[in-house]
Amino acid sequence: MSVSKKINQIPDDEKSPLVLSLIEIIQFQQETIQALKDEVARLKGTNQKPKVPPSNLGKTKKKKDNPTKRRKSFIEKRFDEIFLEKTDFATLNEALRRIHANKDELLLVLKRPDIPLHNNLSESDIREYVKKRKISGSTRSPTGRKCRDTFASLKKTCRKQGVSFWEYLMDRLGGAKRSVPYLPDLIRGVCPKGS
């Protein structure tokens, strides 16, 4: 049964001012939802291009590596237009506000084009750890968790820096030899990789 039929079934003696104002709000929301459904149906039925052209930052290396000032300002302006818009839905407004609060982080790629437009690297960094946790369960103590996390981090860092994890461990545990450079030096670029 539709909401409007249920509203019509409310007896007149039960329609207090509060109920009447709630009915008004429900009807407004229904009209808004229907208008959105109509807009979606209209857009699905047409082949027109969107008013705002999609970003080409990810498609061409040249544009991604050196976006123009005009393009940057267009993207920033469009970001504000989208995420500062007020709707009739409190939860949507809150989500838009939270996204806009992170504008600097989300648009950092405009200042630093070397940053990837995805989080695949972060996802793959924890994938191995998550698989092991699924198979073996968790650790038995906080100390065990710290050890596991430390070794997982060292292993990933060594792999990213082109250093054998086992050579690194043997070098650190084997005495004063120190043929493998310190990882912080590799990360900062002080030492050549794999030296």
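Of all the helices (runs of 4 or more DSSP H) wholly in the stretch 62-155, which have at least 3 residues that are open to solvent by less than 100 Å² (accessible area, probe 1.4 Å) and out of contact with any Lys or Arg (no Cβ under 6 Å at 6 or more places or on another chain)?
Output list reads 69-83, 90-101, 120-136.
List the pairs whose first member sits in the stretch 80-106 and is in contact (Cβ under 8 Å) with a residue 12 or more places away in the chain, whose second member is open to solvent by 100 Å² or more (accessible area, probe 1.4 Å) and among the charged types (D, E, K, R), and whose Cβ atoms are under 8 Å apart, counting only residues at least 6 apart or on separate chains?
Within 8 Å, the pairs are PHE83/ARG97; LEU96/GLU85.
The values are calculated or read from the model by the stated rules, or taken from the named source; none is laboratory data. Model, not experiment: these values are computed from the prediction. Because the Cβ atoms are built from the backbone with ideal geometry, glycine has one as well, and the counts that use them run over all protein chains shown. Just the protein is used for accessible areas: all its heavy atoms, side chains included, with ligands, DNA and RNA removed. Shrake-Rupley method; radii C 1.70, N 1.55, O 1.52, S 1.80 Å.
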